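Visitor: The following block contains the structure, expressed as structure tokens.
The values are calculated or read from the model by the stated rules, or taken from the named source; none is laboratory data. Everything quoted here is computed from the prediction, not taken from an experiment. When we count neighbours, we look across all protein chains shown, and the Cβ atoms used for this are built from the backbone with ideal geometry, even at glycine.
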Amino acid sequence: MRARIIATLCAFAFSPIGAQTAFGAEAASGCGIPSDIHDGWAMTSPEKQGVNSRLLCTMDDGITGAKLANVDAIVVVRHGVLVYERYFAYPQQQIHADATTRHRGNSMTKSVVSLLVGIAMDRGLIKDLDAPVVAYFPDDADLHMPDKDPITLRHLLTMSAGLGSGRAPGVSFEYNNSETELVGAILKKVTGKTVDVLAQEDIFAPLGIKDVEWYKSPFTGLPTSSEGLNLRPRDWAKIGQLVLNRGVWDGRQIVPASWVVQSTAEQIRTEGPRSYGYQWWLGQSLDRDRVVQWIYARGYNSQKTIIIPALDMVVVFNASHVSKNMVAPELDLLDRYILPATSKD
């Protein structure tokens, strides 16, 4: 089984952000006015949802004028309504994205896989996060090793299994794609379906997400669980809104509320100021006199789906550049423009 699991580690690259000049946006007029592509989103002006459009327009102008971070797409949802959407094109890019263009999610895929675990638990297919992983693969000799026998699904979900590092399970966080690949293998074992099929049936179809691409390993032919899911930015926002609604979409409970709460709560500390739940990151911003807590899916090259419960808001960033620690600079846009644009209500 282990031979069928992609065990590549996610490499965090570091490089300064170049000053590239954007030359416009697609499928949007004015300042970030969303396009109606009939995908289920309600749309209003930012002001109707308590968001100051002037600050969003200032951010917009700064990005197009190459004075702020280079991003490919920004989507802002407030109170379940799409209020801002902008796509940016740069001279070196051959494809000019718009609202109908998929974007690579990279490791944001992990957070979708976490939702699938919650659904499997609700159906009784996974009964105990603390059951040894070897129980799912009794014939896998590689897992029947003294250092691997104690590994549980909880360890995999919190990136604390210590695969390939020599650490004892549960001791500390260490980001490792192979641990999420093993989560995907467990889901396939208990459901008989690969993660792409499960996600299509249990998440995408109920949310009206139709334009999906999921990378498959050239070695196994299986969809990768740690990366590879590509969606439109506003469909990533649907995933965020689902989590913000504690698993409810259009009045239907898609993911158990208890799992959403548990998986997005701090389960383990990471290096630096962030913490980790079950394949979800947790962070915070300081906005004037308030500390704003948020939950986010994070992927290589600055992909982020940020859920801000206290403000009833979802923000999606997509980019094609490498940013330091995959945190800056797009979070600077969140802190300097998007959060201050949100009134206290």
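Visitor: Residues being surrounded by fewer than 22 Cβ atoms within 10 Å (Cβ to Cβ) and under 27 Å from ALA205 (Cβ atoms): count how many of those fall in the stretch 33-74.
Guide: 9
Visitor: Among helices (runs of 4 or more DSSP H) lying entirely in the stretch 232-345, which contain 2 or more residues that are surrounded by fewer than 19 Cβ atoms within 10 Å (Cβ to Cβ)? Spell out the reasoning first.
Guide: Values: elements: 233-244, 257-263, 330-333.
Ranges flagged: 257-263.
Visitor: Look at the stretch 231-254 and say how many of its residues are touching a residue at least 24 places away in the same chain (Cβ under 8 Å) and farther than 26 Å from TYR84 by Cβ.
Guide: Matching residues across the stretch 231-254 total 1.
Visitor: Would you be able to say whether some residue in the stretch 121-129 is in a loop (DSSP other than H, G, I, E, B) and under 23 Å from ARG269 (Cβ atoms)? Please lay out each step first, then the result.
Guide: Narrowing the stretch 121-129 to residues in a loop (DSSP other than H, G, I, E, B): 123-129.
Now narrow it down to the ones that are under 23 Å from ARG269 (Cβ atoms): 129.
So far as the stretch 121-129 goes, yes, one or more of its residues are in a loop (DSSP other than H, G, I, E, B) and under 23 Å from ARG269 (Cβ atoms).
Visitor: A follow-up question, please. Count, please, the residues in the stretch 79-88 that happen to be surrounded by fewer than 24 Cβ atoms within 10 Å (Cβ to Cβ) and either at positive phi or of a type in the set (D, E, K, R) (or both).
Guide: Looking only at that region, the number is 2.
Visitor: Would you tally the residues in the stretch 308-345 being modelled with pLDDT under 80, closer than 20 Å to GLY32 by Cα and within 19 Å of the chain's Cα centre (by Cα)? Before the answer, list the steps.
Guide: Quick first cut of the stretch 308-345, residues modelled with pLDDT under 80 only: 321-330, 343-345.
Add one more test, that the residue is closer than 20 Å to GLY32 by Cα, and what stays is 329-330, 343.
Remaining after also requiring within 19 Å of the chain's Cα centre (by Cα): 329-330.
Result for the stretch 308-345: 2.
Visitor: Within the stretch 69-87, can you find the residues that are over 22 Å from ARG104 (Cα atoms) and touching a residue at least 60 places away in the same chain (Cβ under 8 Å)? Don't jump to the end; show me each part of the working.
Guide: Of all residues in the stretch 69-87, those over 22 Å from ARG104 (Cα atoms) come to 78-81, 83.
Passing the criteria: ARG78, HIS79, GLY80.
Visitor: Also, I was wondering about something else. Return the pairs, sorted by first residue and then second, in which the second residue is hydroxyl-bearing (Ser, Thr, Tyr), the first residue lies in the stretch 45-63 and is free of Cβ contacts under 8 Å to residues at least 12 places away in the same chain, the beta carbons are less than 7 Å apart, and the residues are 6+ apart or on different chains.
Guide: From the stretch 45-63, the pairs are GLU47/SER53.
Visitor: Specify which of the listed residues (SER226, SER217) is at pLDDT below 95 and under 20 Å from LEU187 (Cβ atoms).
Guide: Details: SER226 fails: at pLDDT below 95.
Going through SER226, SER217 in turn, the sole match is SER217.
Visitor: What is the residue count in the stretch 171-199 for residues that are within 17 Å of the chain's Cα centre (by Cα) and either over 19 Å from GLN279 (Cα atoms) or part of a loop (DSSP other than H, G, I, E, B) (or both)?
Guide: The qualifying residues number 2.
Visitor: OK, next. What is the number of the single condition among (1) buried (at least 18 other Cβ atoms within 10 Å of the Cβ); (2) modelled with pLDDT of 90 or more that ALA97 does not meet?
Guide: Unmet condition: (2).
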